[in-house]
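Novice: Just passing along the structure, written as structure tokens.
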């Protein structure tokens, strides 16, 4: 056993670790984290079992700040007491070695990218306590492309409100230098949500489309997307002030594709959210490239795409048997959705491809031939298991959205199934904050805790709400 006497601010040495070496190369390793759940702990000791070994060849203790001390030829069947003040060495790590060598080497220090993402302070839940998650901090973002035609990838990094993004051009030796700093500084009033490099003006070099977002303002002016033109093919960008129509909702992802075959690239922008109105379905748009100006043609070209969901990612890829790429879209509370281009119009073919029951909280999408059979497969990132949500085909997560208390504010109610009954997800205090009318309906937490969603609000109101 090893008992550790830590420094004044950590007397029990919580977070320390120890390793022992014995019997010609055997090793054991433990970390000291004694807490077990709420108001529960075990004894502040590190305990090793060595079988019939009479001694340990070496004991190494690493304190939480990295200081170490080493003992050799230590007899077993005893308790060692070690004091932090006796530590003299240092080690970043004494635990098990990785199973394989690292595939990547960290080159950050000498790369020349001196960028810091600074998130402005804004608490979504003070303003919209019933929202499931924050929508004001959907960045930061990165986009890469060869902006100066030298065959090397360059990178644009977006920033939050009141902080400028940056474009770094790669040098031959693998280092980077910033360019067009004044252009990004001039637009730091926007929060950068997404970015896509594409040739907007058909001159053979890459221009940059940047999506504006954030939730601090509910004015569409704050969400205005921007187009920057690569003026000389060397990475010097200026803003094309009047090239884009006014943004109506906050987006997150965009993809460029020549849908009408006129040899220029058009933009497909997935609507992510309307601040203050989550989870109402925002507007996704198709912008046709009309030389120096982009025109919103969504209503005629892609009516099914316009309100397809709260889009988190989208990509053009060939996912069926014909040679024509399709637009694949994922998002919150929606299936993996596929649009096929027919006669220059997008048609929803999700059901045809058997994806209509693939509802999820999708956040990422990639396309690759994973199984090596010559066709493209979809790799999609759902919310995952490490959350407070539980869902299955039989017991899905539900969301009802309506101004239930008629006070001018949208009230989203997320609900989950337990033993066949549907219960509200949020605690009573949170619900009362936005809907104080419920304070009198449920005076005690126990009453609310046993109430189904249909007892919180009448079923007729739930039936009239947006139902996800």
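Throughout, read-outs are computed from the coordinates displayed, never taken from laboratory work. Note that this is a predicted model, so its numbers are computed, not measured. Cβ placement follows ideal geometry from the backbone for every residue including glycine, while neighbour counts extend to all protein chains displayed.
Novice: Separation of region 167-219 and region 311-364 by C-alpha centroid, Å?
Specialist: First find each Cα centre; the distance between them is then 27 Å.
Novice: To make sure I understand, if each residue's beta carbon is the centre and we count other beta carbons within 10 Å, what order do 363, 400, 125 fall in, fewest to most?
Specialist: Working: 363 16, 400 24, 125 13.
The order, fewest Cβ neighbours first, is 125, 363, 400.
Novice: To one decimal place, what Kirkwood hydrodynamic radius in Å is obtained for region 2-90 from all pairs of distinct Cα atoms? Walk me through the numbers before you get to the answer.
Specialist: On the way: mean 1/r = 0.0735 Å⁻¹.
Result for region 2-90 stands at 13.6 Å.
Novice: Right, here's the next one. How long, wide and thick is region 91-217, going by the Cα atoms along their three principal axes, in whole angstroms, largest first?
Specialist: So the extents along the principal axes, rounded to whole Å, are 53, 47, 22.
Novice: For a Förster distance of 51 Å, can you work out the FRET efficiency between the beta-carbons of residue 221 and residue 31, rounded to the nearest 0.05?
Specialist: Taking R0 as 51 Å, the efficiency between residue 221 and residue 31 is 0.50.
Novice: Using a/c under 1.5 as the rounded threshold, could you call region 398-467 rounded, prolate or oblate? The axes a ≥ b ≥ c are square roots of the C-alpha gyration tensor eigenvalues, and prolate needs a/b larger than b/c, oblate otherwise.
Specialist: Here region 398-467 falls in the oblate category.
Novice: Alpha carbons only, please: Rg and Dmax for the chain, in angstrom.
Specialist: Spelled out, the Cα radius of gyration and Dmax of the chain are 28.3, 83 Å.
Novice: Further, regarding this structure: Say R0 is 45 Å: what FRET efficiency, to the nearest 0.05, do residue 122 and residue 81 get from their beta-carbon distance?
Specialist: Values: r = 50 Å, r/R0 = 1.10.
My answer for the efficiency is 0.35.
Novice: Take peptides 172-178, 354-360, 33-39 and line them up by average Cβ neighbours within 10 Å, highest first, as a rough protection proxy.
Specialist: 354-360, 172-178, 33-39
Novice: Per DSSP H run of at least 4 residues, take -39500 (n - 2.57); add these up for the chain, divide by its residues and hand me the 222 nm value, nearest 500 deg cm²/dmol. Mind showing how you got there, number by number?
Specialist: Values: 9 runs with 44 residues, N = 468.
Roughly -2000 deg cm²/dmol at 222 nm, from the helical runs in the chain.
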